Amino acid sequence: MAAIFGVWGKVNNQQFKEMNLRLSHRGQFVRHASVADTISFGVRTDVENSCFFKNSDVSVVAIGSIYNLDDMLGLLAGRDILSLDGTFASLIGGLYSVYGTSLFHKIEGDFSFAIWDHNSNKLILCRDYFGLYPIYYVALGNGSIAFASEYKGLLPLCPATPEVDPNMLQYLQFSKKLPVGKTLFNEIRSIPPGVSAIFLKTDKEPELIDKFPSIRVDIADVDEDRHCSDLFEVISKAIERRVADSERIGIALSGGIDSIGIACLCRKMYPDREIHTFSAGYGESDTDLSTANLVSKYIKSVHHEVLTPPSLLESSLENLVWHMEDPFSRSESLQLYMIAREAKKHVPALMSGQGADSLFAGMPKYKLLWYMKKYPWLKLPLTDIYSFTQTSHPPESLLGRILKALYFRGSVPFPPSVVGATVTPHSYSFSRIGSEFVNDVASKGFQYGQCQDIQKFERNLAAFGLEYKSPFYDLSVVSKAFAIPDQLKIFGGTQKYILRQAFRGVVPEKFLQVPKLPQRMNYDMDFSLTLNKIAATYLTKESIENRGFFKYSDVKKLIKTPLKKPYSPEWGMRIWTVILTEIWARVYLDQNGQAPTL
């Protein structure tokens, strides 16, 4: 894991030192340098080698992994480029010196980098296609601009605490995530995934160049067996690109087919490699834990069970929010945080099956799309349910309201209104249901959707200096996934059918049909009572009114006292999001992003 940071403009040594310290969890080695009169670059890594490159034309700081290195080096073959030293940073410098930004979209990997062009005095920030390596930036009051892999690194440079965006606060309550490129601060933005941002002046918004290929549905005219063999091959190669040089392979192993398939395939590919698997859950009755334990025995991995009882809410939420920054996660983020804490003792990186659900129609929302396609007369009420689950937009049709009550087994409270916000929950509209309806919807939202989800994985692993990897972010896997028809993704009501078939032969039959269960803590009475206890600490009448984000009457409606039965998952997560919002305000507004006691 690593981080980059830098400033174009005036910054004193103490500010730059504090900027660096805020990112210390992302690497033990630090290097920073003044690369031009008003340009300072810095990097933190766990590997003591240079992530810098400089010649007479450009200065570069770059981190990450590149998977088509030979192809990129081939583009520079025979070129007279000074000082190329074989590092990723020098490769970026060489490509830019010869081709400008025109070939950045051809780089396959997980990365971020910054370039200072000495000839034209411009700053360029670039982020990989799915945004696994984040970059945030802010314009400072003194005419400078700063960037960093986490925005907590920017706050020491700001002359005052940045202004909170009430619309983003409200969006967070509705969707439990934020739009790509936005944060809860008005002034702090992130570079979108797959984009090169060019800053010509410190007081101007950057020009955003997006030349990466868009994801298209392009169904291959082959039979099911060929789809399976092709899919197996591209997933195998994607895994190889990510772990070929690893002495020890770390895998976040849930009870789902995605991570089970990866674990079994890794063992087949690397029969003598040391594999560590990590699972989180609540005890003996946890189906995910028991399934993961059986899989670990089958592949002979070193298995680590991490128990996540409700008491963790009392001890770990402030640390979780500090690392996550924008508090849009659900309870699975706390589980990932605890897995990462354990994994750091054993492996340098962790791989998961994240992303497969969106490629192979594994989540409940894709089942709704499948039902719309199967029963077009239910399109309106099913769209109502789809909208409600994604943005909290209340169902408009009578049947939609009935389905909502049945699906959620009762009422679900509306999220509290944010004072001063004007944004409202939007509803989805699907104009045409074609033969590849599920694929069409999934492909349009895949890149940005994954960028929104990555943060809870990447940031929780980065908290302990771990790298995060997933073969389902490989562009060859993505391309192949959207060459497979709808009918093979949900077949006879079975979701991720084609992925299960592709893994047949390496995954034992008893694991192939495991149902898709959401990864989360156990939402039982103990969890609900702990939520109430945490709410009593953070969501007091005084704290809510002093903060001014919500009306206390709205928040009070969420909290049941006395609590006679557990909160439903959706109800509980409404409370969870409000609690995390207040914790975020205490950490990032009251303490200016200073780390809590870790």
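Brief remarks on what is shown
- Pairs with Cβ under 8 Å, 6+ apart, first in region 217-238 and among the hydroxyl-bearing types (Ser, Thr, Tyr) and part of a helix (DSSP H, G or I), second at pLDDT 95 or above and buried (at least 19 other Cβ atoms within 10 Å of the Cβ): SER229/ALA502; SER236/LEU265
- Cβ-Cβ under 7 Å pairs, at least 6 apart or on other chains, region 419-446 side of a type in the set (D, E, K, R), far side exposed (fewer than 13 other Cβ atoms within 10 Å of the Cβ): ASP440/GLY434
- Looking only at region 14-32, and only at residues there that are open to solvent by 60 Å² or more (accessible area, probe 1.4 Å) and assigned to a helix (DSSP H, G or I), the one that is modelled with the lowest pLDDT: GLN14
- In summary, SER443 fulfils each of the numbered conditions (1) surrounded by fewer than 16 Cβ atoms within 10 Å (Cβ to Cβ); (2) in a helix (DSSP H, G or I); (3) among the hydroxyl-bearing types (Ser, Thr, Tyr) with the single exception of condition (1).
- Among the candidates TYR137, TYR151, residue that is over 13 Å from PHE41 (Cα atoms), open to solvent by less than 10 Å² (accessible area, probe 1.4 Å), touching a Phe, Trp or Tyr at 6+ places or on another chain (Cβ under 6 Å) and of a type in the set (Ser, Thr, Tyr): TYR151
- Candidate set: region 367-390, residues that are in contact (Cβ under 8 Å) with a residue 24 or more places away in the chain and open to solvent by 60 Å² or more (accessible area, probe 1.4 Å); chosen: the one farthest from ARG401 (Cα to Cα): LYS373
- Filter result for LEU403 (open to solvent by 40 Å² or more (accessible area, probe 1.4 Å) and farther than 19 Å from ALA442 by Cβ): yes
- In region 4-24, the residues that are under 23 Å from PHE53 (Cα atoms) form Cβ pairs under 8 Å with partners that are surrounded by fewer than 17 Cβ atoms within 10 Å (Cβ to Cβ), at six or more places apart or across chains, as follows: TRP8/THR38; GLY9/THR38; GLY9/ASN142; GLY9/GLY143; LYS10/THR38; LYS10/ASN142; LYS10/GLY143.
- Only one of the numbered conditions (1) part of a helix (DSSP H, G or I); (2) surrounded by 16 or more Cβ atoms within 10 Å (Cβ to Cβ) is violated by GLY353, and that is (1).
- Here ARG409 meets each of (1) modelled with pLDDT under 95; (2) open to solvent by 40 Å² or more (accessible area, probe 1.4 Å); (3) assigned to a helix (DSSP H, G or I); (4) not hydroxyl-bearing (Ser, Thr, Tyr) with one exception, condition (3).
- Some residue of region 478-494 being of a type in the set (A, V, I, L, M), buried (at least 21 other Cβ atoms within 10 Å of the Cβ), closer than 28 Å to TYR151 by Cα and modelled with pLDDT of 95 or more: no
- Scan of region 274-322 for residues that are over 19 Å from GLU342 (Cα atoms) and among the small types (Gly, Ala, Ser), ordered by number: SER285
- Test: residue in region 215-230 that is open to solvent by 20 Å² or more (accessible area, probe 1.4 Å) and within 29 Å of PHE549 (Cβ to Cβ): no
- Strands (runs of 3 or more DSSP E) (entirely within region 239-311) containing at least 1 residues that are surrounded by fewer than 22 Cβ atoms within 10 Å (Cβ to Cβ), touching a residue at least 60 places away in the same chain (Cβ under 8 Å) and in contact with a Gly (Cβ under 6 Å, 6 or more places away or on another chain): 274-281
The values are calculated or read from the model by the stated rules, or taken from the named source; none is laboratory data. Everything numeric here is computed off the predicted structure, so don't read it as measured data. Using ideal geometry, Cβ is built from the backbone for each residue, glycine included, and neighbour counts are taken over all protein chains shown. The area values use the complete protein model at the heavy-atom level, side chains included, leaving out ligands, DNA and RNA. Shrake-Rupley method; radii C 1.70, N 1.55, O 1.52, S 1.80 Å.
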